[in-house]
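The values are calculated or read from the model by the stated rules, or taken from the named source; none is laboratory data. Predicted, not measured: the structure shown is a model, and the values here were computed from it. Because the Cβ atoms are built from the backbone with ideal geometry, glycine has one as well, and the counts that use them run over all protein chains shown.
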Amino acid sequence: MSTLRVRRFSVPAAALLVGLALADAADAGSVSGKYLGNGRAAKLTSVVVVPHDDWSGAQAWTIVVSEKDASKAKQPDFDAQFGKLGDALVVAVTEKGEIFSVQVCHQALDKAGFSSSGTLEAERLSIAGGKLSARFFTDGEHEFFGDRWAVDLEIEADLPKR
């Protein structure tokens, strides 16, 4: 006859388990604001930062803001461009605050996954204390071959270890 053992968790042990689960969720960063594609708002929940090769002599990162959690993806920027993360925006920046690549991957767009340069701006870009934070925005709505899109997002995420 087998014996079933039931373990009881005390309140501190249960709090520790919840804390560990929340700590893992923090890997997805935070995002707020709007990202519109043909009038439809994206429901963004995740921000991850991955290392990028240096750009013009400056350290660089790729930021992936997405609907689905990208923190476990091996190549979140690639997955975003092919719709595996739902609605997504992929932005490459240097430590100097220069945006050098933008991929617009909103699933409401007929041509989702296109590259756009000069349309996205950054302000309050901060890279300090192991975190990257910024406001990314467009100056209103932009058009790409009949598709219309706009961005006004505040993001914060942990920097990856190099």
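Annotation: SER71 fulfils all but one of (1) under 15 Å from SER115 (Cβ atoms); (2) among the polar types (S, T, N, Q); (3) not in a strand (DSSP E or B); the unmet one is (1).
From the list ALA88, ALA60, ALA128, exactly one residue is under 16 Å from SER32 (Cα atoms) and small (Gly, Ala, Ser). Which is it? Just a single option satisfies the conditions, and that option is ALA88. So which residues in the stretch 24-68 are among the charged types (D, E, K, R) and either part of a helix (DSSP H, G or I) or touching a helix residue (DSSP H, G or I) at 6+ places or on another chain (Cβ under 7 Å) (or both)? Once the filter is applied, which keeps residues that are among the charged types (D, E, K, R) and either part of a helix (DSSP H, G or I) or touching a helix residue (DSSP H, G or I) at 6+ places or on another chain (Cβ under 7 Å) (or both), the stretch 24-68 yields ASP24, ASP27. Within the stretch 71-81, can you find the residues that are at pLDDT 95 or above and within 23 Å of ALA128 (Cα to Cα)? Listed by number, the residues that qualify are PRO76, ASP77.
Under the condition of being of a type in the set (Phe, Trp, Tyr) and in contact (Cβ under 8 Å) with a residue 24 or more places away in the chain, which residue from the stretch 40-79 is nearest to ARG148 (Cα to Cα)? Residue satisfying both the conditions and the ranking: TRP61.
One residue alone among SER10, SER32, SER46 is exposed (fewer than 12 other Cβ atoms within 10 Å of the Cβ) and either closer than 30 Å to LYS111 by Cβ or at pLDDT 95 or above (or both), and that residue is SER32.
Contact map, the stretch 99-112: residues that are touching a residue at least 12 places away in the same chain (Cβ under 8 Å) and among the hydroxyl-bearing types (Ser, Thr, Tyr) paired with residues that are buried (at least 19 other Cβ atoms within 10 Å of the Cβ) and part of a strand (DSSP E or B), Cβ distance under 6 Å, separation 6+ or inter-chain. Pairs shown: SER101/ALA92. Evaluation of LYS96 against the conditions (1) out of contact with any Ser or Thr (no Cβ under 8 Å at 6 or more places or on another chain); (2) assigned to a strand (DSSP E or B); (3) loosely packed, with under 15 Cβ neighbours inside 10 Å shows that the sole unmet condition is (2).
Of all the criteria given as (1) modelled with pLDDT of 95 or more; (2) exposed (fewer than 14 other Cβ atoms within 10 Å of the Cβ), the one not satisfied by ALA60 is (2).
Scanning the stretch 82-122 for residues that are out of contact with any Cys (no Cβ under 9 Å at 6 or more places or on another chain), modelled with pLDDT under 95 and under 22 Å from ALA42 (Cα atoms) yields ASP110, LYS111, SER115, SER116, SER117, GLY118, THR119.
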